[in-house]
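The next block holds one structure in the form of structure tokens; read it before the comments.
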Amino acid sequence: MAKVTNVLLVGVGGQGTILAARILSGVLQEAGYDVKMSEVHGMSQRGGSVVTFVRYGEKVYSPLVEKGTADIILSFEKLEALRWLPYLKPDGTIVVNDLALLPAPVLLGKAEYPYNALDILREKAKELITLDASKVAAEEVGNIRTQNVVLLGALAKHMDIEEEIWQKIIRENVPPKTIEANLKAFAAGGQY
Amino acid sequence: MKLFLSGDEAIARGAYEYGATFAAAYPGTPSTEIIENLIPYKEVYAEWSTNEKVALEVGLGASLAGSRVVVAMKHVGVNVAADPLFTAAYTGVNGGLVLVSADDPTMHSSQNEQDNRNVAPFAKIPMLEPADSQEAKDLVGEGFKISEEFDTPVLMRITTRIAHGKGLVECQKRQEPPRREYKKNSPKYCMVPAFARQRRLVVEERTARLKEFSETFPYNRIEWGPKDVGIITSGISYQYAKEVFGDEVSYLKLAFTWPLPEKMIREFASKVKKIYVIEELDPYLETQIRALGIEVIGKEVIPNMFELSAEILREKILGEKVAEEEKLDVPVTPRPPVLCAGCPHRPIFHVVKKLGLTAMGDIGCYGLGVAPPLEAVDTTVCMGASIGMSHGFQKASAWLGDNKKAVGIIGDSTFFHGGMTGLADMVFNKGAGVVLVLDNRTTAMTGHQPHPGTGITAKGEATEEIKIEDVARSMGVKDVAVVDSYDLEAVEKAIRHALDFDGPSVVVFRRACALLKGQEKLPPLEIDQETCTKCHSCLRIGCPALVHHPDKSVTIDVNACTGCTVCAQVCPFDAIAKVGGEVRG
């Protein structure tokens, strides 16, 4: 069967993983691939753990990524990267935002947060890219709300798709006033 | 033109392209986006109905008036709409009527996991099951045609992965089918017993014709490959089967799944050596295929609950063991959904827990009141159940000699959906229940749809705002109060008063959902670390803006804090104040 590439976008409800997944899917469609994207919303959006599966290739059937088959995991938060780690294939890549969002049980003092998540990820993943997207967005772009696109910039470096396509789809998907900032964010993310 | 659409978006697009002029629904995951995506089309009237039963009745009326109609709901909504549905099967339609049931295997956002394919044979209406977004769009058009040609409502059954999964869809321009004229026809539309008995015969004759139609329906198709193994499947299960078996087997892929194409199934079965029926949830296809005398492998290997996946098929059919997950030597702490920072439901749950009340809950965000640390809700059953159950609990307790009260906790949209009849029952039957209505001015859980109490329609027009307290008073409730949810003292006082009142009480707690756009922004709070004794009283309200640090200190995340002040009100040491402002206790 023709190869299908699997990407997971994971994070916390409200972080904007869905917009990022929409841009990624638009890019893949523009590049001529068959694309499927699957997410679950509803109950999970209230600050819960969220995952969006994106699969692309010549022909895609199942919308779901199977465990141990993800080529890339883009994580908007450290603990979420650990949670979805079982989906990564042995030679897969993780791009992770160096951000800790504490889940309710930790806020309540009933559980611990794995602050050493990046060390564990470094051990387990063949390739690990870490960046502090909010810092990049604030300091290099000057717009904290471009964090998603900073992360997409870092992801794009590990996917074989022309930069022009990314730029075109970003233009089409962000508010007109923020196009320049988002393109800058995309380029900044690509430095990691 | 190819668009990247979810199944829900594709159904909306299909309704638009195939000339729908009318849509009605009550929001419910995973069906909500169907109507949301129809609202912007100026050619289509769309409404959020009060509940699913009303939505279907409104849709049936619109069909009689000559519209092509889509009515959408989640699986449990079909239970609510079952009454009109089972008789609409007798009356038939005028303009094409497609009822979408969005089922939720694994219960990502639902209270049960029913397989609504069973509704089709039960109600005796034809059923379509799309397997991806393209089919979801196409089958709306087919559904309208079938509905009009066979004079019947058509059930389109989708599941979460179809509804929320996106794929590429070839789109076309809108068609404008001629409006179908309404003609009075009492023997067809008045289901009094004498006429209903005549229509019962019509339904049976229609089913026989639909059975023949199913044999020729182009979306029921055989994909021949090697014939050692044949797979009979439908809906999302087809995608999982293709993912695992590719071109190594033969497929009978069904999209018209009631009535089934028996000849096609027999023909397929006669040409393959071994047959697997691959379907999610109930053995719906399997039971009917076995009844034809065909030997198949089905639920003895494939689970009858929760979502199916390619992984499950690999394990159960190919015997490929899924690799054990490597154990990490750090805690992968769960991240359950929580009530948002500033959620106006929180103070009510806090008081309900504090008073140790038995609380019958309902369906909505306030289902999260079940979770720690609030743990305030005793039951969650269905839309509106809080009121009926609290009445029953109170009545039975009184009858049996003690006088235990249970409070009913219900949201504003849910009150209109299924709460009003329960309240009338409580008043009528001399109950003394306490109904707490959490009025957050929207249908929050499903993404902020308006409802009869919001004063705005689906299309964004201003309309009459029905006030819950007025409804309660007009039903004869003598003890009615309206309280600001953020005022903890007033909340407790109102609940205590209602508990003491000899008769039914309704307390409306009014404060907009913290995520609702256009609300006044309040300044965030901070904790004075000098005054704070680390008693952790504030943590008991379970607000995600409160951060508990390893050294036991607590701070407030100013970016998350909405300034609701509920934590400040529970703090016994007046340690919490507005940033740079006065302490309030």
- Selection within the stretch B:365-405 - small (Gly, Ala, Ser), surrounded by fewer than 23 Cβ atoms within 10 Å (Cβ to Cβ) and assigned to a loop (DSSP other than H, G, I, E, B): B:371, B:401
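Tell me which residues, restricted to the stretch B:185-199, are charged (D, E, K, R) and either outside the structural domain of residue B:62 (by TED's automatic domain parsing) or surrounded by 13 or more Cβ atoms within 10 Å (Cβ to Cβ) (or both).
Within the stretch B:185-199, the subset charged (D, E, K, R) is B:188, B:197, B:199.
Scanning the stretch B:185-199 gives B:188, B:199.
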- Screening B:395, B:327 for residues that are charged (D, E, K, R) and modelled with pLDDT under 95 leaves only B:327
- What are the pairs, 6+ residues apart or on separate chains, where a residue within the stretch B:102-131 that is free of Cβ contacts under 8 Å to residues at least 24 places away in the same chain has its Cβ under 7 Å from a residue that is charged (D, E, K, R)? B:107/B:113
- Message: Please go through the stretch B:346-364 and give me each residue that is surrounded by fewer than 24 Cβ atoms within 10 Å (Cβ to Cβ) and either in contact with a Cys (Cβ under 9 Å, 6 or more places away or on another chain) or β-branched (Val, Ile, Thr) (or both), ordered by number.
- Response: B:351, B:358
- When the stretch B:372-404 is checked residue by residue, the ones that are touching a residue at least 40 places away in the same chain (Cβ under 8 Å) and over 12 Å from residue B:426 (Cβ atoms) are B:372, B:373, B:374, B:380, B:381, B:382, B:383, B:404
- Inspect the stretch B:434-443 for any residue being among the charged types (D, E, K, R), assigned to a loop (DSSP other than H, G, I, E, B) and farther than 28 Å from residue B:72 by Cα and give the result as yes or no. no
- Message: Could you check the stretch A:27-59 and list, in sequence order, the residues that are modelled with pLDDT of 90 or more, facing another protein chain (nearest Cβ under 7 Å) and within 21 Å of residue A:147 (Cβ to Cβ)?
- Response: A:37, A:49
- Between residues in the stretch A:128-141 that are in contact (Cβ under 8 Å) with a residue 60 or more places away in the chain and residues that are part of a helix (DSSP H, G or I) and of a type in the set (Lys, Arg), which pairs lie under 9 Å by C-beta distance while being six or more apart or on different chains? A:130/A:78; A:130/A:122
- The residue that is surrounded by the most Cβ atoms within 10 Å (Cβ to Cβ), considering only those in the stretch B:295-345 that are within 7 Å of chain A (Cβ to nearest Cβ) and of a type in the set (Val, Ile, Thr), is B:338
- Item | Enumeration of residues in the stretch B:529-585 that are of a type in the set (Gly, Ala, Ser) and over 19 Å from residue B:342 (Cα atoms) | B:553, B:580
- Message: Residue pairs, Cβ under 8 Å, 6 or more apart or interchain, first in the stretch B:289-304 and part of a loop (DSSP other than H, G, I, E, B), second surrounded by 16 or more Cβ atoms within 10 Å (Cβ to Cβ) and of a type in the set (Lys, Arg). List them.
- Response: B:301/B:316; B:302/B:316; B:303/B:316
- Message: Condition (residue is among the acidic types (Asp, Glu), farther than 27 Å from residue B:366 by Cα and assigned to a strand (DSSP E or B)) applied to the stretch A:64-74: is it met by at least one residue?
- Response: yes
- residue A:68 versus (1) more than 9 Å from chain B (Cβ to nearest Cβ); (2) free of Cβ contacts under 8 Å to residues at least 40 places away in the same chain; (3) surrounded by fewer than 23 Cβ atoms within 10 Å (Cβ to Cβ): which is the lone unmet condition? (1)
- Message: So, in the stretch A:168-182, exactly how many residues are buried (at least 17 other Cβ atoms within 10 Å of the Cβ) and under 23 Å from residue A:33 (Cβ atoms)?
- Response: 4
- Query: If we only count strands (runs of 3 or more DSSP E) wholly inside the stretch B:133-250, which ones have 2 or more residues that are modelled with pLDDT of 95 or more, within 14 Å of chain A (Cβ to nearest Cβ) and out of contact with any helix residue (DSSP H, G or I) (no Cβ under 6 Å at 6 or more places or on another chain)?
  - Reply: B:165-170
- Note on the structure: Note on the stretch B:539-561: residues surrounded by 21 or more Cβ atoms within 10 Å (Cβ to Cβ), aliphatic (A, V, I, L, M) and touching a residue at least 40 places away in the same chain (Cβ under 8 Å) are B:541, B:545
- Query: Quick one: would you say residue B:349 is under 27 Å from the mean Cα position of the chain (by Cα) and part of a loop (DSSP other than H, G, I, E, B)?
  - Reply: no
- Message: Testing residue B:123 on (1) farther than 28 Å from residue B:170 by Cβ; (2) within 14 Å of chain A (Cβ to nearest Cβ); (3) of a type in the set (A, V, I, L, M), one condition comes back false. Which one is that?
- Response: (2)
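The values are calculated or read from the model by the stated rules, or taken from the named source; none is laboratory data. This one's a predicted model, so the numbers in the text were calculated from it and none came from an experiment. FYI the Cβ positions are ideal-geometry reconstructions off the backbone, even for glycines, and counts take in every protein chain you see.
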